[in-house]
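Structure first, then comments.
The values are calculated or read from the model by the stated rules, or taken from the named source; none is laboratory data. Just so it is clear, the model here is predicted, and its values are computed rather than measured. Glycine gets a Cβ as well: all are built from the backbone with ideal geometry, and neighbour counts include every protein chain shown. Each accessible area value is taken on the protein alone, full model and side chains, heavy atoms only, with ligands, DNA and RNA left out. Shrake-Rupley method; radii C 1.70, N 1.55, O 1.52, S 1.80 Å.
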Amino acid sequence: VQTCPGRVLCKLPCSGEKEVDLAVQSAKAAFKIWSQMSGMERCRVMLEAARIIREQREEIATMETINNGKSIFEARVDIDISWQCLEYYAGLAGSLAGEHIQLPGGSFGYTRREPLGVCVGIGAWNYPFQIACWKSGPALACGNAMVFKPSPFTPISVVRLAEIFTEAGVPKGLFNVVQGGAATGQLLCQHPDVAKISFTGSVPTGMKIMEMAAKGIKPVTLELGGKSPLIIFSDADLENAVKGALMANFLTQGEVCCNGTRVFVERKILDTFTKEVVKRTQKIKIGDPLLEDTRMGALINRPHLNRVQGFIKQAKEQGAEVLCGGDLYVPDDPKLKNGYYMRPCVLGNCKDDMTCVKEEIFGPVMAILPFDTEEEVLERANATKFGLAGGVFTRDIQKAHRVVAALKAGMCFINNYNVSPVELPFGGYKSSGFGRENGRAAIEYYSQLKTVCVEMGDVESVF
């Protein structure tokens, strides 16, 4: 299989009102069956889905690379995280339970953890298959059905996930996929039979989804954008800190919401760190994402590439210095000449008030900013409307824990970056959204508690 960036892979019709309603009604019918199954029964089906994904890892990863443009090396990691997610929630499905409370006189109460119904998942284009698993895993474990809408830029791999769930034995229609853009998303959010919406994407779209959900009193989980700080102290292991900065900026062509794109470096190591980061960045292999040694593929589409380029142009106008990259890249392979490639960019001489430091670029652009004191860098790190992630590199473990405790962010990393085990909750503070994906925390967002009070004697009446 050869990727030919810039060409049309396939054409999919957008789902309109009729298709959305059919998907929801189909999911609603499947929910009646699935929600009545025991946790252990659901566990077995989800484990089978995980097994199929694991078995077809290479095929699905290749599909995802063609779907998104990321390197096959990264796509394999995404698929591994996906089956691990389903395995994790399969394990939790059989353990979901309420509690028993003893009351006076032999009476008692208990709680039941019950599913919500038909949940909607709306995914982003940077991790299409993985996001669908992150949302469907806890949803299905809790007994819900899901209608999922992938990004119109990456519609393909989620359809394969729907097929895998069917092969694994979920009731027909339990996980449905609809295709389309904002209009389809609006139909899903406003559908009266939808119980909950989980969205991954931009802040402006998240705000619109929240408004629509409010009219139906529907709970939402919003995993939105970020402009996260990565703080490098002078006592850090320099080699490790440089690797961390690359991981925090250039995964998936920089198209990652929790990337640490504001790299604060203690002034006494600024020159050494910057020189090493630039050297490593210039060595990143760009090109055909299906080749084993490629480490950076193509950006998602031409308008997004132009947008990222616009940020770099504006950064230069505002006084930032392009230390490397930032220009378009044309691979030698003629099949790739129309691809949306650019060289990863490192910006120096950055100031906190520059647009490239304040706004989410969502591309391979790192901004380096010097700092002098811990107190100063924390104030600057938190001076943002976002709060998705943050990281710190230091050998001083007390300082590390002190700094992450002070960071106003939902995901924090110490001496690593962009590590997202399915066992740990993922989500943000402030404009980066609310609710959590992954970990036991996600169970809270895909279920509801019912309280039952049982009287063992006569009713105590005030009448």
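A few notes on this one:
- Residues in segment 198-222 that are open to solvent by less than 50 Å² (accessible area, probe 1.4 Å) and touching a helix residue (DSSP H, G or I) at 6+ places or on another chain (Cβ under 8 Å): Ser198, Phe199, Thr200, Val203, Ile209, Met212, Ala213, Gly216, Lys218, Val220, Thr221, Leu222.
- Among the residues of segment 114-132, just one is assigned to a helix (DSSP H, G or I) and small (Gly, Ala, Ser), namely Ala132.
- The residues of segment 408-442 that are over 19 Å from Val392 (Cβ atoms), within 15 Å of the chain's Cα centre (by Cα) and hydrophobic (A, V, I, L, M, F, W, C), listed by number, are Val422, Phe434, Ala442.
- Unique match (being closer than 20 Å to Ile81 by Cα and without any contact (Cβ under 8 Å) to a residue 12 or more places away in the chain) among Val459, Val419: Val419
- Residue in segment 76-84 that is farther than 30 Å from Phe250 by Cα and surrounded by 14 or more Cβ atoms within 10 Å (Cβ to Cβ) present: no
- Listed conditions (1) open to solvent by 10 Å² or more (accessible area, probe 1.4 Å); (2) over 20 Å from Lys215 (Cα atoms) are all met by Ala195, apart from (2).
- Residue selection: Pro303 satisfies the criterion of being open to solvent by 70 Å² or more (accessible area, probe 1.4 Å) and either assigned to a helix (DSSP H, G or I) or touching a Lys or Arg at 6+ places or on another chain (Cβ under 8 Å) (or both).
- Restricting Ser95, Ser157, Ser82 to residues that are of a type in the set (Gly, Ala, Ser), under 23 Å from Ile443 (Cβ atoms), in contact with a helix residue (DSSP H, G or I) (Cβ under 6 Å, 6 or more places away or on another chain) and in the same structural domain as Phe199 (by the TED database) narrows the list to Ser82.
- Segment 327-350 residues that are on the phi > 0 side of the Ramachandran plot, paired with ones that are open to solvent by less than 90 Å² (accessible area, probe 1.4 Å) (beta carbon under 7 Å, 6 or more apart): Asn349/Gly319; Asn349/Ala320
- Hey, Ala50 under 27 Å from Cys258 (Cα atoms), modelled with pLDDT of 95 or more and either assigned to a strand (DSSP E or B) or open to solvent by less than 10 Å² (accessible area, probe 1.4 Å) (or both) or not: yes
- Residue check, Leu336 surrounded by 15 or more Cβ atoms within 10 Å (Cβ to Cβ), of a type outside the set (Val, Ile, Thr) and over 22 Å from Leu230 (Cα atoms): yes
- Residue check for Ala61: buried (at least 18 other Cβ atoms within 10 Å of the Cβ), without any contact (Cβ under 8 Å) to a residue 40 or more places away in the chain and in a helix (DSSP H, G or I): yes
- Positions within segment 133-152 being more than 16 Å from the chain's Cα centre (by Cα) and in a loop (DSSP other than H, G, I, E, B), in sequence order: Cys142, Gly143, Asn144, Pro152
- Against the conditions (1) in contact with a Lys or Arg (Cβ under 8 Å, 6 or more places away or on another chain); (2) assigned to a loop (DSSP other than H, G, I, E, B); (3) not aromatic (Phe, Trp, Tyr), Ile79 satisfies every one except (2).
- Checked against the criteria, Leu174 counts as surrounded by 24 or more Cβ atoms within 10 Å (Cβ to Cβ), touching a strand residue (DSSP E or B) at 6+ places or on another chain (Cβ under 6 Å) and under 19 Å from Leu86 (Cα atoms).
- Qualifying positions in segment 223-239 - buried (at least 22 other Cβ atoms within 10 Å of the Cβ) and farther than 30 Å from Leu22 by Cβ: Gly225, Gly226, Lys227, Ser228, Pro229, Leu230, Ile231, Ile232, Phe233, Ala236
- Residue within segment 268-290 that is within 23 Å of Gly410 (Cβ to Cβ) and not in a loop (DSSP other than H, G, I, E, B) present: no
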